[in-house]
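The values are calculated or read from the model by the stated rules, or taken from the named source; none is laboratory data. Just so it is clear, the structure is predicted and the values come from calculations on it, not from any experiment. Neighbour counts run over all protein chains shown; Cβ positions are idealised from the backbone, glycine included. All accessible areas refer to the heavy atoms of the entire protein, side chains included, with ligands and DNA or RNA removed. Shrake-Rupley method; radii C 1.70, N 1.55, O 1.52, S 1.80 Å.
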Amino acid sequence: MSAIPLSVVTGFLGSGKTTLVAALLRRPELADTAVIVNEFGTVGLDHLLVKEVLDEGVVLLSSGCLCCTVRGALAEALRDLYLKRVQGSIPEFRRVLVETSGLADPAPVVHTLMRDPMAGAYYRLDGIVACVDTLFGADQLERHPESLRQVALADRLVVTKTDLAPFGRKERLAARLSEINPAAPVLVADHGDVDPAAILEAGLFGPASPVPDLKRWLNPGAYGAARHTDGIASFCLTLDRPVDWTAFSAWMNDLLAVHGEKVLRIKGMLRVVGEDRPFAIHGINHLFHPPQPLPPEAGLAQSTLVFIVQGLAREAVENSLRISLAAAR
């Protein structure tokens, strides 16, 4: 049985997350979706048109989707939803959206999928979608580190409220976002409406899906020289030779043990010595997801690693990696 794809919808206060989620739930492609609103305060569901209360904390929406509110216990909510799905006490769902608090760092949501055995077994991270308000987004990026991290960690960036913005502000904001996270496509939501195909399947595909489009996931062409903004650097490393897995994993463990909080995101595709197929890898902060084997024909000819870091020099990362791999030859 394939794991259920889970997308994280994040963004600073007032960035349009709820409007985006509500618009997505009106689309037929998401009719069988479960929504978890992970908030610190009380969240109203009136705008989502509640149809009936199915269970404590779980409601059925008129679109046929499920919605529940949790305050911190995300792993427990994911386990509970899955068990109710198996038991038939709630309708079957094929996708999950997690809407975070406006002040939340999305990394702990991803950590839940990596750390919790049941959540990791039954769900897979599809991608992180960050909403940015055209009116106030640039200022929030300057003043609030939470907003900066939300953008840096995202797989997709959705610019909202463009109809209210002065001429040229949308373009300036899009350019700013591409400086922070060049691999993430910048999309525009018209009153919250955006094509679901543009933001779903943003990360690793499931094992039953077609060959993953790693060029889309990694987007190595977006990186020239390392880009720096507000202490955040983004860069791409390529390795012509297959890597020794033992040496690479030891290097990665050391890097995350020493600099875990500085490593915002790692995504990559590795060619490994002795293997006829590549492996996809990704990590956030000090946690590293187990490598996922891919079909032999998938992806790029070289090993490609994409880094988004804060306060960590590219030269230090690249030199330590090449020294570790050279010692293993």
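Which of the numbered conditions does His282 fail, given that it passes all the others? Conditions: (1) touching an Asp or Glu at 6+ places or on another chain (Cβ under 7 Å); (2) touching a residue at least 24 places away in the same chain (Cβ under 8 Å). Looking at each condition in turn, His282 falls short on (1). Does any residue of the range 227-234 turn out to be surrounded by fewer than 20 Cβ atoms within 10 Å (Cβ to Cβ) and assigned to a loop (DSSP other than H, G, I, E, B)? There is at least one residue in the range 227-234 that is surrounded by fewer than 20 Cβ atoms within 10 Å (Cβ to Cβ) and assigned to a loop (DSSP other than H, G, I, E, B). Under the condition of being more than 12 Å from Ser234 (Cα to Cα) and open to solvent by 30 Å² or more (accessible area, probe 1.4 Å), the residues counted in the range 176-191 number 7. One residue is enough: does the range 166-188 have a residue meeting the conditions under 18 Å from the mean Cα position of the chain (by Cα), basic (Lys, Arg) and at pLDDT 85 or above? No, the range 166-188 contains no residue that is under 18 Å from the mean Cα position of the chain (by Cα), basic (Lys, Arg) and at pLDDT 85 or above. What do you reckon, is Arg95 in contact with a strand residue (DSSP E or B) (Cβ under 6 Å, 6 or more places away or on another chain), open to solvent by less than 10 Å² (accessible area, probe 1.4 Å) and charged (D, E, K, R)? For Arg95, the condition - in contact with a strand residue (DSSP E or B) (Cβ under 6 Å, 6 or more places away or on another chain), open to solvent by less than 10 Å² (accessible area, probe 1.4 Å) and charged (D, E, K, R) - is not met. Considering the range 287-329, and only residues there that are open to solvent by 60 Å² or more (accessible area, probe 1.4 Å) and part of a helix (DSSP H, G or I), the residue that is modelled with the lowest pLDDT turns out to be Ala327.
Filtering the range 259-286 to residues that are more than 21 Å from Leu300 (Cβ to Cβ) and assigned to a loop (DSSP other than H, G, I, E, B) leaves Asn285, His286. Within the range 136-164, residues that are acidic (Asp, Glu) reach partners that are open to solvent by 40 Å² or more (accessible area, probe 1.4 Å) with beta carbons closer than 8 Å, at six or more positions or on different chains, in the pairs Glu142/Asp230; Glu146/Leu103; Glu146/Asp105; Asp163/Asp190; Asp163/His191. Residues in the range 59-89 that are among the aliphatic types (A, V, I, L, M), assigned to a strand (DSSP E or B) and modelled with pLDDT under 80: Val59, Leu60, Leu61, Val70.
Among the residues of the range 103-130, write down those that are among the polar types (S, T, N, Q) and in contact with a Pro (Cβ under 8 Å, 6 or more places away or on another chain). First the steps, then the outcome.
Applying the first criterion (among the polar types (S, T, N, Q)) to the range 103-130 yields 112.
Correct list: empty.
Counting only residues that are among the small types (Gly, Ala, Ser) and closer than 24 Å to Ala316 by Cα, the range 247-305 holds 9 of them. Look at the range 114-128: where a residue is part of a helix (DSSP H, G or I) and a partner is basic (Lys, Arg), sitting 6+ places away or on another chain with Cβ atoms under 7 Å, you get Met118/Arg79; Ala119/Arg79. For the condition crowded, with 20+ Cβ neighbours inside 10 Å and either at pLDDT below 90 or touching a Phe, Trp or Tyr at 6+ places or on another chain (Cβ under 9 Å) (or both), Leu204 qualifies.
Go through (1) of a type in the set (A, V, I, L, M); (2) open to solvent by less than 40 Å² (accessible area, probe 1.4 Å); (3) under 26 Å from Pro106 (Cβ atoms) and name the single condition Val272 misses. Of (1) of a type in the set (A, V, I, L, M); (2) open to solvent by less than 40 Å² (accessible area, probe 1.4 Å); (3) under 26 Å from Pro106 (Cβ atoms), only one is false for Val272: (3).
Entry remark, the range 292-329: residues being free of Cβ contacts under 8 Å to residues at least 12 places away in the same chain and charged (D, E, K, R) number 2 in total. Kindly indicate whether any position in the range 238-251 is at pLDDT 90 or above, assigned to a strand (DSSP E or B), open to solvent by 50 Å² or more (accessible area, probe 1.4 Å) and in contact with a strand residue (DSSP E or B) (Cβ under 9 Å, 6 or more places away or on another chain). So far as the range 238-251 goes, yes, one or more of its residues are at pLDDT 90 or above, assigned to a strand (DSSP E or B), open to solvent by 50 Å² or more (accessible area, probe 1.4 Å) and in contact with a strand residue (DSSP E or B) (Cβ under 9 Å, 6 or more places away or on another chain).
Residues of the range 1-34 that are outside any helix (DSSP H, G or I) and free of Cβ contacts under 8 Å to residues at least 12 places away in the same chain: Met1 alone.
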